[in-house]
Amino acid sequence: MSNSSLVTYTRLSPNHSGLRKKRIDRISPHCIVGQLSVEALGDIFASRARKASSNYGIGADGRIGMYVEEQNRSWCSSNAENDQRAVTIECASDANPPYEFKQVVYDRLVELCVDICKRNDKAKLLWLGDKVKSLNYIPARDEMVLTVHRFFANKDCPGDWMFSRMGELAKAVSEQLREVPIFYRVRKSWDKPKTQIAAFTKLANAKNCVDCNPGYAVFTDTGEKVYPQ
């Protein structure tokens with residue numbers, strides 16, 4: 001499991017639960033409630049007394065910070081189950097309702113969500129628009145689902161401005177994901193590209209190829225080995 005190359009500032013928080021126990025299949029955007037920088041957000045999450053963190057944060061100028069590595073569960077959504085499965089993103093916003101994001105922050109959120117989906121082998125991002133539907137939905141292996149903090153606690157987060165744009169976010173990300181197909185590459189090891197014997201857009205086909213060629217494995221375009229594990 002990798003982290004985003006879009007990150008330009010890192011300050012790892014002590015507030016997390018260690019390695020995830022579940023596969024990533026959710027993204028949860030949050031509003032910071034303030035036009036903060038990535039450094040200021042890092043200061044907040046550095047305090048153990050806060051008992052809060054997120055995987056990523058987007059500052060008011062559009063820069064992206066990382067506070068909990070993607071492989072680890074952050075403390076962000078008031079729900080352990082969601083945080084085990086979600087990449088959480090705090091976004092700089094106005095301090096008052098409807099907690100509007102600057103355009104640069106929203107644009108970077110789209111870019112970061114695309115990056116997260118690609119690295120986790122997801123071909124589409126879904127917004128189901130309803131708490132019950134979202135929490136009961138079982139995503140297909142290539143699907144990522146958007147969830148929000150207000151599903152789990154009596155909070156406005158991510159604010160009405162962002163909440164009203166969740167469908168737009170899902171559409172924008174999914175459209176970009178369709179433009180660049182995800183390939184599953186069959187080779188002996190990631191650092192030996194000359195051993196590659198095939199590349200597939202469907203994981204099942206790549207697995208079948210490996211089953212017929214002992215000693216080979218399936219790798220994503222980011223170099224992550226996905227089969228056999």
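Tabulated data for the structure shown
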item	result
Which numbered condition Arg26 fails, given (1) within 23 Å of Arg150 (Cα to Cα); (2) touching a Gly at 6+ places or on another chain (Cβ under 8 Å)	(2)
Selection status of Leu125, of a type outside the set (Phe, Trp, Tyr), buried (at least 19 other Cβ atoms within 10 Å of the Cβ) and either over 22 Å from Phe101 (Cα atoms) or in the same structural domain as His30 (by TED's automatic domain parsing) (or both)	yes
Helices (runs of 4 or more DSSP H) contained in the range 139-229 and holding at least 2 residues loosely packed, with under 15 Cβ neighbours inside 10 Å and of a type in the set (Ser, Thr, Tyr)	none
Qualifying positions in the range 87-139 - under 25 Å from Ile44 (Cα atoms) and aliphatic (A, V, I, L, M)	Val87, Ile89, Ala92, Ala95, Val104, Val105, Leu109, Val110, Leu112, Ile116
Glu81 vs. criteria part of a helix (DSSP H, G or I) and among the charged types (D, E, K, R)	yes
Flag if Ala95 is part of a loop (DSSP other than H, G, I, E, B) and either crowded, with 22+ Cβ neighbours inside 10 Å or among the aliphatic types (A, V, I, L, M) (or both)	yes
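The values are calculated or read from the model by the stated rules, or taken from the named source; none is laboratory data. This structure is a prediction, so every number in the text was calculated from the model and none was measured. Every residue, glycine as well, gets a Cβ built from its backbone with ideal geometry; the counts of neighbours run over all protein chains shown.
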